[in-house]
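Comments concern the structure below.
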Amino acid sequence: MKVTKEKRAEIRRALVAAAVEIVVEKGLSDMTIREVAARAEVAPGTAYKYFPNRDQLVYAYFELKLSDAACSLEALPNFADFSLKEKLQALLEALLAEYLPEREFVAIALRGLIDSPFHAFGAMNVVKRELLGLVAKYLNEAVEKGQFPASSHQGFVVRTFWDVTTLIILYWLNDDSENFTRSSQFIDQGLDLYVALVQSGIADKAIRLGGFLLKNHMHEHLSLIGNLFGSLSNLRQGGNGGAL
């Protein structure tokens, strides 16, 4: 019998929910896909079809939460009329609201991301791509409305938002203020800086400066390297001649 799209989504969420529970109970390293399948009441073979390895299963949580946060924003009245900062702020706050019930899991998972970057960062690529896709959409909308100048290096500006998001999540995980008021202030001030950088076009200026330096000094550097290798070669030949 063919499994519907809705049923596949339901199974996927059940597996992720089971993984979250087990990771909080036992830790990241002791969680197995077979145990997750049993708790989610899914056959092990089926679980492996959805998630071939543990990293993909664990970090699928972040993909699902990002999707849920994005959907909640689209339901906001007049969201399309929000400024770039308002959209980014709403996105970050919606994301943290999604993480809140599983805050302990988020802390454990991000620690795993830091401890085993080669595996975990690959599993997070989908999340990164989708998050930055939303940011690019919001920025393009702002440019179309004339709120920001068009930039030939807009992709670079968008990519920096991944680092902004990571920093904010880490701050939030260590925030013990009531109702996370310090995190809210950090988001507000951090986005003020980010939007100011976008508005100023400083990324374009920095990249143009880098290009200038590369273009005008590459020949000099290559000559220096060539002279260095030439000197080493002469020394080697001189050394061989003395030994003979």
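The values are calculated or read from the model by the stated rules, or taken from the named source; none is laboratory data. Given the structure is predicted, the values throughout are model-derived calculations rather than measurements. Methodologically, a virtual Cβ is constructed for each residue, glycine included, from the backbone with ideal geometry; neighbour enumeration extends over all protein chains shown.
Structure above, values below:
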| item | result |
| --- | --- |
| Set 184, 151, 177: member being hydroxyl-bearing (Ser, Thr, Tyr), assigned by TED's automatic domain parsing to the domain that holds residue 92, surrounded by 15 or more Cβ atoms within 10 Å (Cβ to Cβ) and out of contact with any helix residue (DSSP H, G or I) (no Cβ under 7 Å at 6 or more places or on another chain) | 184 |
| Some residue of segment 14-24 being of a type outside the set (Asp, Glu), in the same structural domain as residue 146 (by TED's automatic domain parsing), touching a residue at least 60 places away in the same chain (Cβ under 8 Å) and within 23 Å of residue 124 (Cα to Cα) | no |
| Counted residues, segment 32-85 - those being in a helix (DSSP H, G or I), more than 20 Å from the chain's Cα centre (by Cα) and not polar (S, T, N, Q) | 17 |
| Residue count, segment 109-122 (criterion: modelled with pLDDT of 75 or more and either within 14 Å of the chain's Cα centre (by Cα) or crowded, with 18+ Cβ neighbours inside 10 Å (or both)) | 5 |
| Failed item, numbered, when residue 159 is tested on (1) among the basic types (Lys, Arg); (2) modelled with pLDDT under 90; (3) in contact with a Phe, Trp or Tyr (Cβ under 9 Å, 6 or more places away or on another chain) | (3) |
| In segment 36-63, the residues that are more than 15 Å from residue 21 (Cβ to Cβ) and either of a type in the set (Asp, Glu) or buried (at least 16 other Cβ atoms within 10 Å of the Cβ) (or both) | 50, 51, 55, 56, 59, 62, 63 |
